[in-house]
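A short write-up of the structure that comes next.
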Amino acid sequence: MSSKSSFWLLIFSLLLPSWGQSSDLSCRLKSRPGLTKLELKISGDATELAAKLSAKGFSCDRPAPSYERGVRCRGKLAAYPEAVNIFIPSQFEKKNSLPVALHFHGHNTGCERGTPECHFNVVNGDGDYGKFLTDSGANTLLVMPESQGRDDTFKSFFKKPQDLDLLMNAVKETVGVQSWDSLSLSSHSGGDAVMDRLARWYESDQKGALLQKLRSVALFDSLYADREGVAQWPAAMKKENPSSRFLGSYVVGPGASTVKHMKWLRTRVPDTEQWQFREVRTTHMAIMKDGGMSDYLRDSCR
């Protein structure tokens, strides 16, 4: 057994589940929003899942001292050619059926963790997905497959709806849940290309199994063309699921690169409480942190 596996098994043996008083938690913690760092403790179910993934060859981060970040586990699955990241929120509660959020990063992950250009930057918080998830209060797993180059892996892997099912079935078996209760999809930067492909599948009569459970969609500074599939997505989702959600969050001001296409999208999608747009004065890499990713994950659990 590896040292990391031993660490997680030891932690699991020492910690009792911290959320036993919240037995009504199914998708998000409704009774205690805005937990402080002192109140937030990592749950026994979170440590158990981290230990399980570590034993299967995933590299799982040790939790931050205050546990506000949850746990990131990174490893390989036979169903997908690159590494897959699974983020476990601190308040995670194990269930037979869970919602899942799938996020597509932008171009190139060829960087070391902690460097400014890295998609998973936890130093300045721009790519602190574990914190975004834990802050949301959602009892959701966040899955981020990695892609090489200009999202070349996404483009070559996701060729038909069943490829999405293939990947997410492998994740489901690895984490040990019986089914995905619902699906939320989001992208950053150049991830819009694969999102447009998924949108067109969703609008067809050949969605595949998991796309039929789509609950929400979010674009984080992630529209580099006038993509007709994305434009028709909100209305198609509402027809299938009246409570579905859509968020288009994009950078405005110096250095903004998606404004033209997001403005085009706004002519096609009405801005309502259910379908929202946010103009954010921030940097391209900080749009998830400043543009509402935690809110998106929270609202995905409505």
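Values in this text are rule-based calculations from the coordinates and carry no lab data. As the structure is a computational prediction, the values presented were derived from the model and not from experiment. In this analysis, Cβ positions are derived from the backbone assuming ideal geometry, glycine residues included, and neighbour counts consider all displayed protein chains.
Couple of notes before you dig in:
- Gained length - residue 266 relative to residue 200, 0.36 nm times residue gap less alpha-carbon distance: 21.9 nm
- Table column - 3J(HN,Hα) (Hz), region 181-197, Karplus curve with 6.51, -1.76, 1.60, x for Gly and Pro: 5, 7, 10, 10, 10, 8, 8, 10, 6, x, x, 5, 5, 6, 5, 5, 5
- Calculated FRET value between residue 107 and residue 178, using beta carbons and R₀ = 45 Å, to 0.05: 0.80
- The phi torsions of region 265-282, fed into the Karplus equation with coefficients 6.51, -1.76 and 1.60 and a -60° offset, translate into couplings of 4, 5, 6, 9, 10, x, 8, 10, 4, 7, 10, 10, 10, 10, 9, 10, 8, 7 Hz, rounded to whole numbers, with Gly and Pro shown as x.
- Whole-Hz couplings from phi, Karplus 6.51/-1.76/1.60, listed for region 222-228; x for Gly and Pro: 9, 7, 10, 7, 7, 8, 5
- Residues of region 215-232 with an amide N closer than 20 Å to a point placed 7 Å from the Cα of residue 124 along the Cα-to-Cβ direction: 220-222.
- Electrostatic bookkeeping for residue 189 treats Lys and Arg as +1 and Asp and Glu as -1; over the other residues with beta carbon under 11 Å from its beta carbon, the sum is -2.
- Set 94/160; 207/238; 131/160; 56/94; 52/159; 95/159 screened for pairs whose C-alpha atoms are more than 27 Å apart: 94/160; 131/160; 52/159; 95/159
- Computed from the C-beta positions of residue 235 and residue 150 and an R0 of 25 Å, the FRET efficiency is 0.25 to the nearest 0.05.
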